Amino acid sequence: MTKPFLLILLLVVVIPSFAQTVIKAKSGEGTYSITGAEKDSVVLAGNSEKRVALIIGNKNYKIAPLQNSINDANDLAELLKQKHFEVERVIDGTRLEMRNAVRSFTSKISKGGVGLFYYSGHGVQLDGDNYLVPIDADYEYKEEVQDMCISVASILKYMETSNNRLNIMILDACRNSPFKSFSRSGEKGMVRVEAPTGSIVAYSTAPGKTASDGSGRNGLYTAKLMKYMNVPGMTIEDIFKQVRIEVSTESNNNQVPWESNSLMGDFYFTSN
C-alpha cells in the first residue's frame, strides 16, 4: 500500500510541475522561432534573391574625354559585388559592345530578381528620348544620333518586359554634349523619363540640367551614392534622398539629383 501511495503522490506533484515547465519552454521556443523565422526569411530573401547589374563607364572620347567616369564605374561595380550582385562591366564601350552587354543583361534579369543598370559618361537628349554616347560615336547632326548612340527608352523597355521584381536605372550622364551641333542647340542634360511600374530611374541632376564630372577620384553624385549604399537599413528611396541633399548642398544647388519612382516594394543594398 505504501509504494502505490508514494507513486501516486509523486505523479501528482511532479507531473504538473514538469508539464508546466515544458509548456513554458515550448511557448518560449515558439515565440522565438516565429520571430526568428520571420526575420531570417527577410534576410534570406534579400541575400538569395537574384541580383544582376550592368555597369558602363565611358571616359576616353575623342572629343571631350571625361575624368571620373571609369573610376565611378569600377568602384561601383566592386561595391555591388559586395552587395551580392552579379556584375557585368563595360569600360569605354563601343556601340556594339554596349548593345551586346544590354542584351546579355536583359536576358539575365528575365529570370527574376533585381536588375540594376548604371551608366557614367556623355549623354544627350533628342526628341523626347535620352541617348548614351559610346566612345566610337562620331556625329555632327541630330539625325545621326539614333544610329550611333544607345536609347535609354529602349533599355527601360527591355527592363520593363523582363517581369522581374524590381529594376533600378542610374544615369550619371548629364554632362554637356561635346558635339558642336548639340552645343548650339541649347538642349542640355537629360529629358524627363517616367519610370515603368516596379522601377526607379535616378539622374545625377535634374532634367534639363548638367552635372559636373568632379575633381577627385569619383564624381560628386556617384561618390555620395556609394556612401549611402553602405548604410545598413536604408531603403533605396532614402538613399537617393540623402544623396540629393548632400549633392545639392556641396554644389551650392547647382546640381540637384532627381528620380522617377514607380517601385512597388522595398529594397535594401545593405540590410540591418
For the stretch 236-253 the number of residues that are surrounded by 14 or more Cβ atoms within 10 Å (Cβ to Cβ) and farther than 28 Å from ASN272 by Cα is 1
Positions within the stretch 51-73 being within 30 Å of ASN272 (Cβ to Cβ) and in contact with a strand residue (DSSP E or B) (Cβ under 7 Å, 6 or more places away or on another chain), in sequence order: ARG51, VAL52, ALA53, LEU54, ILE55, ASP72, ALA73
Contact list please: Cβ distance under 9 Å, first residue in the stretch 242-262 and among the β-branched types (Val, Ile, Thr), second residue surrounded by fewer than 16 Cβ atoms within 10 Å (Cβ to Cβ), pairs at least six apart or on different chains. VAL243/LYS227
Can we say SER251 is in contact with an Asp or Glu (Cβ under 9 Å, 6 or more places away or on another chain), modelled with pLDDT under 95 and within 20 Å of THR205 (Cα to Cα)? no
Tell me, please, whether a residue that is assigned to a loop (DSSP other than H, G, I, E, B), of a type in the set (Gly, Ala, Ser) and at pLDDT 80 or above can be found in the stretch 179-191. no
Report yes if LEU126 is of a type outside the set (Lys, Arg), farther than 26 Å from GLY216 by Cα and assigned by TED's automatic domain parsing to the domain that holds MET169, otherwise no. yes
Tally time: how many residues in the stretch 99-125 are surrounded by 24 or more Cβ atoms within 10 Å (Cβ to Cβ), of a type outside the set (Phe, Trp, Tyr) and touching a strand residue (DSSP E or B) at 6+ places or on another chain (Cβ under 6 Å)? 6
Does the stretch 100-115 include one or more residues that are at pLDDT below 90 and over 25 Å from LYS224 (Cβ atoms)? yes
Of the residues in the stretch 29-78 that are crowded, with 16+ Cβ neighbours inside 10 Å and over 21 Å from ILE150 (Cβ atoms), the one that is modelled with the lowest pLDDT is GLY46
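The values are calculated or read from the model by the stated rules, or taken from the named source; none is laboratory data. Given the structure is predicted, the values throughout are model-derived calculations rather than measurements. Positions of Cβ are backbone-derived with ideal geometry, glycine not excepted, and every protein chain shown enters the neighbour counts.
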